Amino acid sequence: FQAKPAEPLPSGRQEMQAFYSLFVWLPGLCSGAVMDTEAQEVIASRHQLNAMLESGPNRRMGFLSEANYNTVHTVLSKKVVPTYFTSTQELYDAVEDGTVVAGLISGVPDRTQFSVFSTDLISPRSFQMMPGAEAEDLMEAVDAAVVRTHHDGELLKAQERSPPFEAVEVHTCRSEDPEKVPFPDAASATGLLKDVLDTKKLKILGYGDPDAKPDWHADGNYTADPPTGFWPYYMDYFMAHFQAAYGSDIELERVWMTSGGTEKVLDGTIHMTEPYYIYENMYNGELKKWNHRFSCVVMGYEQQFFAKGARVKVIDDAAEENDCPQMLATCENKRLASQITSRMSLNANLEAGPNRKMGFLSEANYRTVAPVISDKVEPVFYTSSQEIFNHVYDGTIVAGLISGVPDRQNFSVFSTDLISPRSFQMMPGSQSRDLMMAVDAAVVRSHNAAELMQAEQANPPFEAVEVHTCRSDNVSLVPFPNASTASGLLRDVLDTKTLKILSYGEPDSPPNWAQDGNYQADPPTGFWPDYVDLWMAHFKAAYGDDIVLERVWMTSGGTELVLNGSIHMTEPYYIYENLWSDQLKKWSHEFSCVVMGYEQNFFAQKAVVDFSSEGQECEQQLAACEGGKTFEASRASSRAALVALLAAVAAIFNQ
């Protein structure tokens with residue numbers, strides 16, 4: 001069975017709790033019942049899932065609809081056999097009995113029953129408003145407030161107040177130093193921001209009817225007064241920063257609509273949307289990206305696969321004279337259960353203590369992830385990755401963070417739930433519009449063709465996360481601009497037959513970043529060269545095989561040449577959230593559809609469950625598992641639990 005976490009008992013109920021405990025555990029203790037993990041391989045990551053789908057023989061995966069499958073097919077093995085079910089419970093049952101290898105539902109699967117792991121596919125969310133100069137000051141003010149919510153760890157606070165809601169931080173705006181992202185001055189405010197300050201009202205579009213507001217449970221219950229759930233709580237934090245800048249008398253006014261609201265946002269009647277509106281959707285038959293303005297990304301929804309978890313069964317050791325194998329399995333199961341496998345379980349360990357130490361290579365590394373971990377953490381700084389590995393291994397620190405991918409063979413590796421997105425970058429304005437639309441069209445096709453995964457699998461141990469700011473399930477809705485009417489930068493590319501991209505490095509000494517990209521090789525190898533080759537194939541299919549990619553190698557001064565159009569755009573690995581000229585790049589650059597995201601990973605001790613090196617005898621392995629106990633002492637510990645429980649019950653009833 002799965003025991004629920006105990007809640008504090010009101011006075012007068014302790015006796016009933018003790019009696020219940022006795023009722024549950026006494027038969028097992030008297031008979032010598034023990035737990036045993038069934039022999040099975042537990043799938044705990046998308047890479048592991050894809051390996052299983054590749055090897056077979058069972059390649060079936062469960063979904064609730066074909067549309068659900070289409071949202072994740074780009075991150076799955078092409079050998080997957082999608083199987084559709086009519087209910088979540090039916091899908092749960094199919095995973096449980098092995099009919100399907102794994103499944104996908106809307107929402108968070110039951111972590112107590114299944115092994116739950118990331119799809120590595122993120123749907124980002126942000127405030128949306130009209131394009132143009134009228135929105136510029138308000139957009140900068142909104143960005144400033146979003147950056148402060150990230151810096152203060154308020155996504156985590158809103159999430160922890162709204163279980164089982166889960167959020168991923170997607171940083172398109174740097175948040176370590178909020179003072180570099182100032183609020184526009186109220187005295188010189190223009191456009192939408194001036195209207196907000198004059199009327200003392202910030203109007204946001206909310207999805208729903210004013211007389212029948214939605215209840216999305218942990219996401220947001222707007223039927224409550226005041227509203228509860230992640231999004232209402234997040235908006236409270238956001239508004240606190242906005243009001244701190246412009247006055248506590250600024251009110252938030254939700255304008256409830258289920259249709260026609262977008263038009264009112266785009267004409268400025270409503271200042272902006274709630275931040276939960278979907279970034280990658282279409283509007284009027286084209287990408288929203290081409291007709292809306294977006295704030296810094298607030299957070300991302302990350303869908304999660306689930307597979308059969310480690311199973312525990314009760315075995316009566318009275319049936320066998322020697323119960324050591326069952327006791328060894330119980331010990332191994334306890335070790336697995338205590339292993340830290342997610343940011344949530346890491347934070348639970350940090351909250352509980354007593355060891356709250358985590359290892360980092362620098363304070364800067366710590367600051368990048370501080371918003372997503374418990375504020376009880378005690379950061380410890382090291383001079384090398386090996387030092388952190390050693391101290392995680394020996395238990396000096398609970399977990400660690402390094403640059404790059406930790407060793408999955410020796411550690412439990414899990415997501416920070418913090419994404420650094422990457423995309424092509426170019427000059428803003430009308431001169432770049434046609435080229436940007438062409439670049440977006442090629443990015444969308446690369447996503448639809450699962451070419452991120454293709455480039456990733458060709459370059460282990462590189463790992464990429466798909467971040468979809470542009471919808472990719474129907475590429476015909478994202479056309480390439482017509483060559484005959486092309487203008488600006490795209491016209492220059494087509495006339496010169498050369499697409500110039502800024503690359504970081506010296507022309508006589510290009511970089512070798514190993515699996516990320518080795519530009520010393522001819523042709524270059526690694527994830528980014530492979531991806532750009534795949535991307536260029538789509539660009540050439542639209543505009544001709546005679547278009548040549550020219551890398552312009554520079555380590556300084558290149559951004560200025562991109563922003564004046566001398567170089568058409570950057571490589572897609574340039575960092576989105578960085579600053580330029582001491583302000584957010586978002587305020588001075590244009591960005592393509594996000595290509596992918598880098599996701600840093602924490603790592604913790606991996607549970608040791610193989611004790612064969614301690615000897616061939618089960619008793620030797622059990623003693624090692626239990627930290628040196630003898631076999632007879634291990635058997636006695638089960639009986640001791642009964643004695644302690646009986647004594648506790650007697651004490652209560654004798655009061």
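The values are calculated or read from the model by the stated rules, or taken from the named source; none is laboratory data. All figures in this text were calculated on a predicted structure; none of them were measured in a lab. With ideal geometry, Cβ positions are generated from the backbone for all residues, glycine too; neighbour counts draw on all protein chains shown. Surface accessibility is based on the protein's heavy atoms, side chains included, excluding ligands, DNA and RNA. Shrake-Rupley method; radii C 1.70, N 1.55, O 1.52, S 1.80 Å.
Quick rundown of the values:
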quantity	calculated
The chain: relative contact order as a whole-number percent, Cα under 8 Å and 6+ apart	19 percent
Residues Ser259 and Asp211, FRET efficiency given R0 of 22 Å [Cβ-Cβ distance, rounded to 0.05]	0.90
Radius 14 Å from Cβ of Ser175, net charge of other residues (Lys, Arg +1; Asp, Glu -1)	-2
Distance from segment 261-306 to segment 42-93 (C-alpha centre basis), Å	29 Å
FRET efficiency estimate (nearest 0.05) - Cβ-Cβ, Asp394 to Ser188, R0 60 angstrom	0.55
Amide H contacts under 5 Å for Trp580, placed H, 5+ residues apart	Lys585
Segment Ser581-Gln616, extension gain: residue separation times 0.36 nm, minus the distance between their alpha carbons	6.0 nm
Gyration tensor (alpha-carbon) shape descriptor, segment 512-582, a/c threshold 1.5	oblate
Where Met52, Met596 fall by accessible area, highest first, once all protein chains stay in place (1.4 Å)	Met52, Met596
Mean Cα-pair separation over length for segment 403-475, i.e. relative contact order, pairs under 8 Å, 6 or more apart, %	32 percent
Environment charge at Tyr519 (Cβ cut-off 11 Å; Lys +1, Arg +1, Asp -1, Glu -1)	-3
Separation of alpha-carbon centers, segment 117-156 and segment 534-609, rounded to whole Å	20 Å
Leu499 long-range amide H proximity, modeled H, under 5 Å	Val548, Leu549, Glu550
Cβ-based charge dipole, the chain, positive-most Cα from Gly206, Phe539, Met596	Gly206
Extension gain from Asn355 to Ser430, taking 0.36 nm per residue of separation minus the Cα-Cα distance	21.4 nm
1.4 Å probe accessible area per residue over the chain, in Å²	45 Å²
Too-long pairs where the Cα-Cα distance tops 26 Å, listed order kept, from Lys203/Lys376; Lys157/Lys606; Lys203/Lys289; Lys500/Lys540; Lys264/Lys289; Lys79/Lys289	Lys203/Lys376; Lys157/Lys606; Lys79/Lys289
Accessible area of Ser106 in the full protein assembly, 1.4 Å probe (Å², nearest 10)	80 Å²
In nm, spacing of pseudo-spin labels at Lys157 and Asn474 (7 Å Cα→C-beta vector)	4.2 nm
Estimated FRET transfer efficiency (Ala245, Asn281; beta-carbon r; R0 25 Å; 0.05)	0.25
Heavy-atom accessible surface of the chain: percent carbon and sulfur, 1.4 Å	51 percent
Extension gain from Ser65 to Ala537, taking 0.36 nm per residue of separation minus the Cα-Cα distance	166.7 nm
Fraction of antiparallel bridges per DSSP, the chain only, in percent to nearest 5	60 percent
Selection from Asn50, Thr223, Thr149 lying farthest towards where the dipole of the chain points positive, charges on Cβ	Thr223
Rounded to the nearest 10 Å², the accessible area of Val548 at probe 1.4 Å	80 Å²
From the C-alpha gyration tensor of the chain, square roots of 5λ in Å	48, 31, 24
Under 12 Å, Cβ to Cβ, from Pro529 - net charge with Lys/Arg +1 and Asp/Glu -1	-4
Size of charge dipole - the chain - debye, nearest 20, with Cβ of Lys, Arg +1 and Asp, Glu -1, no other charges	400 debye
